[in-house]
Each structure stands twice: as C-alpha cells, then as structure tokens.
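Structure, as structure tokens:
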Amino acid sequence: MKLKEGFKNEYTKRHNEIWPELAALLKANGISDYTIFLDEETNTLFGVQLQSGQSSQDLGSTEVVQKWWAYMADIMETNADNSPVSKPLVEVFHMD
C-alpha cells in the first residue's frame with residue numbers, strides 16, 4: 001500500500017484510534033498480531049498479520065471496512081472503491 005507524502009503522523013494517529021467495531025471484526029475473522037510498517041523513503045506501507053481464515057483484504061464487502069477505506073482515502077493511494085492500492089508480494093524466505 002502507499003501513503004501520500006506528508007501523512008505519516010495522521011496515518012499513525014488514525015490507526016492508534018482504530019474503531020472498536022473494526023478491531024472486533026478483524027478479531028472475529030481470525031486476524032491477530034497485525035502490524036503495519038512504513039518505508040519512509042518510498043511511503044510504502046507493508047502489513048503483516050496472523051490469520052486463521054481470511055485476511056483483512058477479504059473483508060472489503062463489510063460496511064465497517066468500506067467506511068474505514070473512505071476515512072483513509074484522503075491520505076492513501078486508493079482504487080475507485082476507496083480500497084487501498086495494494087500489490088501482492090512473493091515470499092522469498094520464511095523461517096519458523
């Protein structure tokens with residue numbers, strides 16, 4: 001995902017104040033240990049989450065996720081439906 005230039009603090013603030021109903025939805029769908037990293041040089045966001053079912057990207061049809069996407073659209077690169085522009089990555093290494 002990609003953050004617009006100059007919005008690091010606002011992005012962090014909004015996520016520190018994540019809506020309780022969104023957090024509950026994620027947890028109810030088996031998403032935990034969710035961390036988002038920022039490459040400050042490129043403004044690229046990289047999310048990592050443990051899943052026991054769906055990923056957070058699979059919940060885009062829910063009302064609360066659609067509202068969250070609209071709330072974040074002014075500070076991120078988004079698609080026409082306000083979902084974050086994202087690119088799947090290829091795993092090249094894993095160690096347990």
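Among 89-96, 76-83, what's the highest-first ranking by average C-beta atoms within 10 angstrom per residue? Don't skip to the answer; put the middle values down first.
Details: 89-96: 4.5, 76-83: 14.5.
Result, highest mean first: 76-83, 89-96.
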Answer label for volume of the Cα convex hull per residue in Å³ (calculated), chosen among (i) 94; (ii) 116; (iii) 200: (ii)
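None of the figures in this text is laboratory data; all of them are computed from the coordinates on show. Note that the coordinates shown come from a computational prediction; the quantities given were computed from them, not determined experimentally. Cβ: placed from backbone, ideal geometry, glycine included. Neighbour counts: every protein chain shown.
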